[in-house]
Structures are given as structure tokens and as C-alpha cells.
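The values are calculated or read from the model by the stated rules, or taken from the named source; none is laboratory data. What you see is a predicted model; the values in this text were computed from it and never measured. All Cβ positions, even for glycine, are placed from backbone atoms using ideal geometry, and neighbour counts span all protein chains on display. When the accessible area is computed, the model is the full protein with side chains, heavy atoms only, and any ligands, DNA or RNA have been set aside. Shrake-Rupley method; radii C 1.70, N 1.55, O 1.52, S 1.80 Å.
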Amino acid sequence: MAVFCAGQLVADIIVKPVDALLSGQDTSRVEQIVVKNGGDMMNTAISLSRLGNHVVCSGKVGDDDFGRFLSDTLRAEKIDTRGVTLVREVPTSSVIVLVTTDGERKFLYFGGSNDYFQYEDIDLSLLDGCENVHVGGTYNLPRFDGEGAAALFRQARKKGKQTSMDVTWDSNGQWLSTIRPCLPHLDFFMPSFEEAKNITGEQEPEAIATALMEEGVGTVVLKLGKAGCYLKNSSESFSLPAFDVPVVDTTGAGDSFVAGFLTGLQNRWELRRCAQFASAVSAFCIQSLGATTGIPGAEEVLHFLEQCDKI
């Protein structure tokens with residue numbers, strides 16, 4: 001069985017280090033500028049594949065060098081790209097990623113082809129061989145967000161699939177109103193803590209999770225950054241700490257966490273083990289530059305956990 005991933009495909013142009021923008025200076029030297037794959041969905045899909053899952057993805061790219069780069073990258077990562085379509089009217093989505101010395105990052109985002117992705121682009125027959133249907137990149141998919149994603153989740157549920165969603169930062173500030181149609185159809189919702197605070201208006205993990213469950217979410221998994229993660233559903237709740245590892249670049253940390261968690265679900269692990277594994281995958285991610293550069297195979301992650309006496 002495979003995981004079906006729909007949503008954001010982005011070319012990341014990563015610049016490091018950028019600790020301040022020097023607007024009055026003509027030229028500043030940096031240590032690295034690299035082009036990598038990006039976008040919540042693409043990062044999660046690649047991490048899933050590296051961890052041993054079969055992955056089918058659906059998204060949109062432009063007819064340009066970035067579009068070909070992203071499509072080639074997906075195929076090189078052994079991902080089924082039959083759901084990736086081409087839009088000729090606009091360029092492929094891209095983002096400038098400004099990474100500080102300590103690994104934190106800021107994004108300058110161009111929507112491009114992602115702004116044209118919509119429910120009608122999805123070949124629903126591709127869901128048939130999949131067990132989980134995941135959407136990544138919500139709030140940066142204006143023609144798909146909300147009702148489009150909800151329609152996909154409804155179809156997934158009719159086909160007996162497990163559903164999950166991750167979100168990006170909502171630069172339009174609509175938050176809950178945009179995603180409310182999706183929430184009753186989600187088995188798992190995995191936002192970051194800051195995103196979830198804006199969605200719910202609550203400030204504490206338990207209150208946030210309770211508010212999202214009242215909207216219909218089955219299990220809420222909050223990514224708390226350096227503080228780890230928090231999970232709650234109708235039968236259990238727990239927090240887990242993050243692993244203390246050297247930080248190079250936090251780009252993709254949340255996406256790799258999602259991939260690790262979905263891998264656990266694919267393996268029928270209990271939820272605490274899913275969360276531990278997800279945190280370990282994220283720990284590998286942040287030790288390299290780029291959203292998926294440092295993602296290893298599942299055996300290496302499991303060995304890391306065994307060494308840490310976490311599993």
C-alpha cells in the first residue's frame with residue numbers, strides 16, 4: 001500500500017547565512033546558495049519514500065527549468081508522478097530561503113504553479129492503491145484550499161482511506177475559516193504550534209488540540225519545535241521531547257516529522273512510537289542544509305532510536 005500526497009511543489013533557493021538584511025550595502029558575501037526541492041507536500045513525499053514507503057503524488061509545476069528539476073527529483077526518489085500536471089501559463093513555484101547561522105529560516109515565496117492546483121487536477125483512481133491520503137501545503141494552494149481539499153478527503157473516506165493534513169503559514173490571516181471544511185474529514189491533523197495557535201485562538205497544546213477535535217479532527221499532533229511534540233485524541237494524550245542534535249537548517253523539519261509519523265501509521269505502530277520515530281526523522285533533517293538532504297532510510301532512524309533508548 002502507498003501514501004497519496006497532494007499539494008505543494010516548490011524549488012527552494014537556499015541562502016546561508018543571512019543573519020540580517022543589509023539594505024544599504026551593494027553586495028554581501030554568503031557561504032552557500034543552493035537549489036533544492038521544497039514545498040510541504042514534496043518534502044513529505046520524498047522523506048516518505050526514503051523511509052521505505054511507496055508514494056504517489058499530485059501537484060502542479062510550470063513548463064520551465066524548475067518544473068523539470070522538481071519532476072526529475074521526484075522520479076529519482078522513486079515517487080509515482082502520474083498525478084503531477086503541467087501548467088504552461090505561469091512559472092513553477094519557488095521560494096528564497098534565508099537561513100541564519102543557528103539554522104532558523106525565513107521564506108520569500110512565489111506561488112506560481114501552486115496557485116493553479118485544484119481538486120479537478122486530481123486523478124481519484126490513483127487513491128485506490130493507497131492507504132493514506134495526505135495534503136501538504138495548505139494556505140499556499142488558493143484554488144484547492146478549503147473546499148477542494150475537503151472534497152478530496154471526502155472521496156478518500158468513501159474509499160476507506162486514512163486522511164491527514166499539514167499546513168504552512170497563512171499570510172492572508174484567514175486561518176480557521178479556510179480549513180474548517182476539511183477538519184471533520186481528518187483522521188490526523190499535524191500543524192506547528194504557532195500555526196495551531198492562530199487557527200484556534202488557544203495558547204496551550206491541550207486547549208488547542210481540544211478545540212481542533214471539537215471541529216471534527218480525530219487525532220491532533222502538534223509540532224512544538226525545540227519543545228518536541230504533543231498528541232491528543234479521544235483515548236490518549238502525551239508529550240514527547242525533541243532530540244538534542246546540532247542544527248544546520250530547520251527547513252523541512254516539520255515535513256520530515258509528518259513523513260516519519262505517517263511511516264509509523266503505515267507500519268501499524270502505536271501512536272507514541274509513531275511520534276518518537278517522527279521526532280527522530282526530524283532530528284536527521286535539521287542536521288543538513290535543505291529540506292530532505294539528511295533524510296536516511298528507516299533502519300538508520302530505528303538504530304538512532306535504539307541508541308537513545310527511545311524505542
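Brief remarks follow.
- Ellipticity at 222 nm from helices only: DSSP H runs of n ≥ 4 in the chain, each -39500 (n - 2.57), divided by the residue count, give -9500 deg cm²/dmol.
- Gap separating the Cα centres of the range 120-169 and the range 1-75, nearest whole Å: 20
- Rg to Rh quotient for the range 115-165, alpha carbon positions, Kirkwood Rh: 0.94
- Total charge dipole magnitude, the range 1-65, about the Cα centre, Cβ charges on Lys, Arg, Asp, Glu only, Debye to nearest 20: 280
- Ranked by how many other beta carbons lie within 10 Å on average, peptides 233-244, 173-184 from highest: 173-184, 233-244
- Taking the chain as a Gaussian network of alpha-carbon nodes connected by springs under 10 Å, the highest mean-square fluctuation of the residues Ala156, Ala275, Ala211 belongs to Ala211.
- Working from Cα pairs under 8 Å separated by at least six residues, relative contact order for the range 31-92 is 37 percent.
- The portion of the accessible surface of the range 4-64 made up by carbon and sulfur, rounded to a whole percent, is 46 (1.4 Å probe; DNA, RNA and ligands excluded).
- Across the cross-link table entries Lys106/Lys232; Lys60/Lys226; Lys106/Lys197; Lys36/Lys106; Lys78/Lys197, which are compared at the Cα atoms, the separations over 24 Å belong to Lys106/Lys232; Lys60/Lys226; Lys78/Lys197.
- Taking the Cα centre of the chain as reference, the dipole from Cβ charges on Lys and Arg (+1) and Asp and Glu (-1) amounts to some 520 debye.
- When the chain is treated as a GNM with alpha-carbon contacts under 10 Å, the residue of Val34, Val301, Val133 showing the greatest mean-square fluctuation is Val34.
- Simple Cβ-charge dipole of the range 63-149, Lys/Arg +1 and Asp/Glu -1, about Cα centre, in debye nearest 20: 240
- Per residue, the solvent-accessible area of the chain (1.4 Å probe, heavy atoms of protein chains only, all protein chains present) comes to 43 Å².
- Computed over every Cα-Cα pair of the range 77-147 and binned at 5 Å starting from 0, the pair-distance distribution P(r) comes out as 3, 12, 18, 21, 19, 13, 8, 4, 1, 0 percent.
- With each label modelled as a point 7 angstrom along the Cα→C-beta vector, the Thr101-Arg29 pair spans 1.6 nm.
- Applying a DSSP loop filter and a limit of 15 other Cβ atoms within 10 Å to the GluC sites (Glu not before Pro) in the range 55-121 leaves Glu89, Glu104.
- Projecting the Cα atoms of Gln8, Met42, Asn53 onto the charge dipole of the range 1-104, computed from C-beta unit charges around the Cα centre, puts Asn53 farthest toward the positive end.
- P(r) weight above 18 Å for the range 1-157, C-alpha pairs, percent: 58
- By DSSP, the beta bridges lying fully in the chain are antiparallel in about 40 percent of cases.
- With every protein chain in place, the range 127-201: carbon and sulfur % of accessible area (1.4 Å): 43
- DSSP-defined beta bridges in the range 1-62 - what % are antiparallel, rounded to 5: 60
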